[in-house]
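The values are calculated or read from the model by the stated rules, or taken from the named source; none is laboratory data. This one's a predicted model, so the numbers in the text were calculated from it and none came from an experiment. FYI the Cβ positions are ideal-geometry reconstructions off the backbone, even for glycines, and counts take in every protein chain you see. For accessibility, only protein heavy atoms count, side chains too; no ligands or nucleic acids. Shrake-Rupley method; radii C 1.70, N 1.55, O 1.52, S 1.80 Å.
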Amino acid sequence: MLQQDCLFCKIIRKELPASILYEDEDVLAFRDIAPQAPLHFLVIPKKHLSGPAALTAEDEILAGKLLRVGGALAVREGFPHFRAVFNNGAEAGQTVFHLHLHIIGGRSLAWPPG
Ligand code: 5GP
Ligand code: ZN
């Protein structure tokens, strides 16, 4: 299930360091290496999926868990106001092709996004 050369699979396997906020058998949450706001962390499934468009019906509970964990951690970290973002595809800004939920907060955020 884990992909050999995937950056986030390497973080899951602890082959690369990360500032981990939460981990269980399904998901891992860790701080973004290049934070775009005072709060910026990622929640990823331990199952390798390339992005949200790769989700299938069997992943529905997992996808919901990413949101539940992300929201709960944002509140735990003291940031009840936050944005939750999935990028899918390079034109949408995706650079790491392992599904990840961005949780961003701690400053006012413009809408629509750039
Ligand atoms: P994307 O642009 O694909 O939606 O988001 C990928 C995110 O992963 C970016 O915000 C980027 O800063 C973050 N990132 C890339 N490499 C690493 C890494 O090695 N460690 C951590 N913690 N974050 C990373
Ligand atoms: Zn992966």
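Mind telling me which of the residues PHE41, PHE82, PHE86 ends up being touching a residue at least 60 places away in the same chain (Cβ under 8 Å) and either aromatic (Phe, Trp, Tyr) or touching a helix residue (DSSP H, G or I) at 6+ places or on another chain (Cβ under 6 Å) (or both)? Walk me through how you get there before you give the answer.
On the way: PHE82 fails: touching a residue at least 60 places away in the same chain (Cβ under 8 Å); PHE86 fails: touching a residue at least 60 places away in the same chain (Cβ under 8 Å).
Residue meeting the stated conditions: PHE41.
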### Summary
GLY64 passes all but one of the listed conditions (1) over 12 Å from the mean Cα position of the chain (by Cα); (2) in contact (Cβ under 8 Å) with a residue 12 or more places away in the chain; the exception is number (2)
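In the stretch 65-114, how many are β-branched (Val, Ile, Thr) and closer than 19 Å to GLN3 by Cβ? Before you say what the answer is, go through the steps one by one.
Let us first name the residues in the stretch 65-114 that are β-branched (Val, Ile, Thr), namely 69, 75, 85, 95-96, 103-104.
After this cut, where a residue has to be closer than 19 Å to GLN3 by Cβ as well, the list is 95-96.
So the answer is 2.
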### Query
Considering the stretch 68-98 alone, what residues qualify as being within 16 Å of ligand 1 (Cβ to nearest atom) and open to solvent by 60 Å² or more (accessible area, probe 1.4 Å)?
PHE82, PHE86, ASN88, ALA90, GLU91, THR95, PHE97
### Message
Condition first: under 15 Å from the mean Cα position of the chain (by Cα) and among the hydrophobic types (A, V, I, L, M, F, W, C). Now tell me which residues in the stretch 67-91 satisfy that.
### Response
LEU67, VAL69, ALA72, LEU73, ALA74, PHE82, ALA84, VAL85, PHE86
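Per-residue answers, yes or no, for (1) under 15 Å from PRO35 (Cβ atoms); (2) touching a strand residue (DSSP E or B) at 6+ places or on another chain (Cβ under 9 Å):
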site	(1), (2)
GLY64	no, no
GLY71	no, yes
VAL75	no, yes
PHE79	yes, yes
ALA84	no, yes
ASN87	no, yes
ALA90	no, no
ILE104	yes, yes
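Is one or more of the residues making up the stretch 101-112 in a loop (DSSP other than H, G, I, E, B), within 16 Å of ligand 2 (Cβ to nearest atom) and under 12 Å from the mean Cα position of the chain (by Cα)? Explain how you work it out, then say what you get.
Taking the stretch 101-112 and keeping what is in a loop (DSSP other than H, G, I, E, B), we get 106-112.
Still in the running and within 16 Å of ligand 2 (Cβ to nearest atom): none.
No: zero hits.
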